[in-house]
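For reference, the structure discussed in these notes is given below.
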Amino acid sequence: MRRTLTMLPLVILLLGCSGAAAPSTAPSASASAPSAASPSGSFLTVERAAVAYSAVADPYNAAIDAAHARYATRDTLEDHQRYWGLLAKADKAFIDGIKKIAFPPDLQEKADVLIRADTAFQKRARAVARARSLAEVISLSAAANDAADVVTAKAALLRKDLDLGY
């Protein structure tokens, strides 16, 4: 989706510069332009979007809880790598699932913000999973934990608007 959105301005620019002949007459006064652009396509209702969100978030939360339980104490570099790898994997599934939901237009921006925040966290979690020393784990995990706090806040905003509580 992000690639499509980044390509859209380029396509519009290319079409505008393609050398198509300009219309020789001005549009008639009776032609009416829409007063406000409205999104097109089919979107879920808030209730159905909430169900879809929960269908993605519930397995994600279970995977995170399982990672926490499995690696409650992380003593070795390998423990940290596996733990953060599990978190990154769970986040990938969550991000992919959220991207597939056709949120109502007024909630899509919050979903996009959540996706961006979680993508940033996932990137940091993958970096911790590839750390080569415990010192590097400590350094990188601080940034990952800060990013996780942002994700939690953004998810709470979307959950509130989906009437799922905090």
* Asked: For segment 83-94, how many residues are farther than 16 Å from Asn145 by Cβ and either free of Cβ contacts under 8 Å to residues at least 24 places away in the same chain or buried (at least 19 other Cβ atoms within 10 Å of the Cβ) (or both)?
  -> 1
* To do: Would you point out the residue of segment 57-82, among those that are crowded, with 16+ Cβ neighbours inside 10 Å and within 22 Å of the chain's Cα centre (by Cα), that is nearest to Arg159 (Cα to Cα)?
  => Ala57
* Structure fact -> Over segment 96-115, the set of residues open to solvent by less than 10 Å² (accessible area, probe 1.4 Å) and in a helix (DSSP H, G or I) is Ile98, Leu107, Ala111, Leu114
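Residues that are part of a helix (DSSP H, G or I) and at pLDDT 95 or above: does segment 13-26 have at least one?
Of segment 13-26, the ones part of a helix (DSSP H, G or I) are 13-16.
Next, only the ones that are at pLDDT 95 or above stay: none.
Checking segment 13-26: not a single residue is part of a helix (DSSP H, G or I) and at pLDDT 95 or above.
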* Could you figure out which of (1) modelled with pLDDT of 50 or more; (2) part of a loop (DSSP other than H, G, I, E, B); (3) among the hydrophobic types (A, V, I, L, M, F, W, C) isn't true of Ala33? => (1)
* Can we say Lys92 is over 30 Å from Asp79 (Cβ atoms) and either among the basic types (Lys, Arg) or modelled with pLDDT under 95 (or both)? -> no
* Go through segment 116-158 residue by residue and tally those that are open to solvent by 60 Å² or more (accessible area, probe 1.4 Å), in contact (Cβ under 8 Å) with a residue 40 or more places away in the chain and under 20 Å from Phe103 (Cβ atoms). => 2
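The values are calculated or read from the model by the stated rules, or taken from the named source; none is laboratory data. Remember, predicted model here, so these are calculated numbers, not experimental data. Cβ coordinates were reconstructed from backbone atoms using ideal geometry, including for glycine residues, and neighbour counts include every protein chain displayed. The area values use the complete protein model at the heavy-atom level, side chains included, leaving out ligands, DNA and RNA. Shrake-Rupley method; radii C 1.70, N 1.55, O 1.52, S 1.80 Å.
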